[in-house]
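**Q** This is the structure I have questions about; it appears just below.
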Amino acid sequence: MAQDMEVSRETIAWVSQRNPTPLPADLETALAAQAKEKARIVTGILSQDDPDLAGAVATVMPLLRRITEPFKERMQAIREEQRTGQLTPKGVHQRLAALQEQLQQVQEDQVFGPVERRLQAAEQKYESFLSPPTLTPKHRETATAVAAELQHLAPSHGLPRVAEVLRDAAKANEFGTVSALLPFLKSKIETKGSEWYGSDEAFAMVRRMEDAAVSWQRPVGEARLQIVKDLQWKLSQLRQASVETHGDFENHSYVRMTGGDGQVINDFARGQLRNDYRDSNHG
């Protein structure tokens, strides 16, 4: 009799396990709508140039030309004095060297330094876009309460509860509680001795939570940082060209180099950001 009762319990448990609690019917709809809205925001932002970066690029060459032209005229006057015998070769060398050093300092103070600081400010701004969201006490309190429920639930019944949290977050576009719940769920998956250990379904839910919790700021920040890094490198090229040519930078290969499309590669030399920044970062 006792053996029959035990078999009956196992049968009931087996049947129950094959009838898990269903996931929220509107989970997929909510996640799809949230993902679509996030993509819309990212595409809208990245389809336009960052005005501060574009402004920095547009102003560099006009400023360099305005600053450099008087120095070039003075250098030419010194060479003319050498040609007419008013200056010795040594005197010409000394005066040109002093003038070139002064030119580099003025360019650094009025062009390269300020633009470099603008790029650094943009870099800091977009690096902050990659930071995880700040969790409030309310987020943690709610996540702790849900985690307490999971202590008494098998994955087949606990994951739908987690899915409810994810659905509600997607509808509200507020993922603080989801982010706070993730460590609890990961810990259950990693801890031996329970039904949650190594659960494929639980791990898939973690991935969905992580993907949904990524705000529009992350892809925007990553794309913009790529542009900033590229501009920092190109600014250093332009600075080097100016130093090597003593101000006659417009004929330097760094400045005149073109790509396969015939466009000048250095954004500062061209005076505008490349179109492919936008083309490669959205759509």
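Only the coordinates and a few stated rules stand behind these numbers; no lab work does. Treat the numbers as computed from the prediction; the structure is a model and nothing was measured. Cβ sites come from the backbone with ideal geometry, for glycine too, and all protein chains shown count toward neighbours.
**Q** Looking only at LEU225, LEU31, LEU99, which one moves most when the chain is put into a Gaussian network model with springs between Cα atoms under 10 Å?
**A** LEU99
**Q** In nm, what is the difference between 0.36 nm times the number of residues separating LEU153 and GLU210 and their Cα-Cα distance?
**A** Residue separation times 0.36 nm, minus the Cα-Cα distance, leaves 18.3 nm.
**Q** Which one, [x] 1.14; [y] 1.68; [z] 1.30, gives Cα Rg over 2.2 N^0.38 Å as derived from the coordinates shown?
**A** [y]
**Q** Still on this structure, please answer the following. For an R0 of 25 angstrom, estimate the FRET efficiency from the Cβ-Cβ distance between MET257 and ARG66 and round to the nearest 0.05.
**A** In this case the efficiency is close to 0.60.
**Q** Relative contact order of the chain: what whole-number percent is it, with Cα pairs under 8 angstrom and at least 6 residues apart?
**A** 30 percent
**Q** For a Förster distance of 22 Å, can you work out the FRET efficiency between the beta-carbons of ASN173 and ALA54, rounded to the nearest 0.05?
**A** Rounded to the nearest 0.05, the efficiency is 0.15.
**Q** Past 19 Å, Cα to Cα, is the threshold; run LYS38/LYS171; LYS36/LYS125; LYS36/LYS171 against it and keep the listed order.
**A** From the list (LYS38/LYS171; LYS36/LYS125; LYS36/LYS171), the Cα-Cα distance tops 19 Å for LYS36/LYS125.
**Q** While we're here: Given labels modelled 7 Å from the Cα in the Cβ direction, how far is it in nm from GLU250 to LEU130?
**A** Here the modelled spin labels are 3.8 nm apart.
**Q** Please compute the length gained on full extension between GLU201 and LYS186, using 0.36 nm multiplied by the number of residues separating them and subtracting their Cα-Cα distance.
**A** Full extension from GLU201 to LYS186 adds 4.2 nm.
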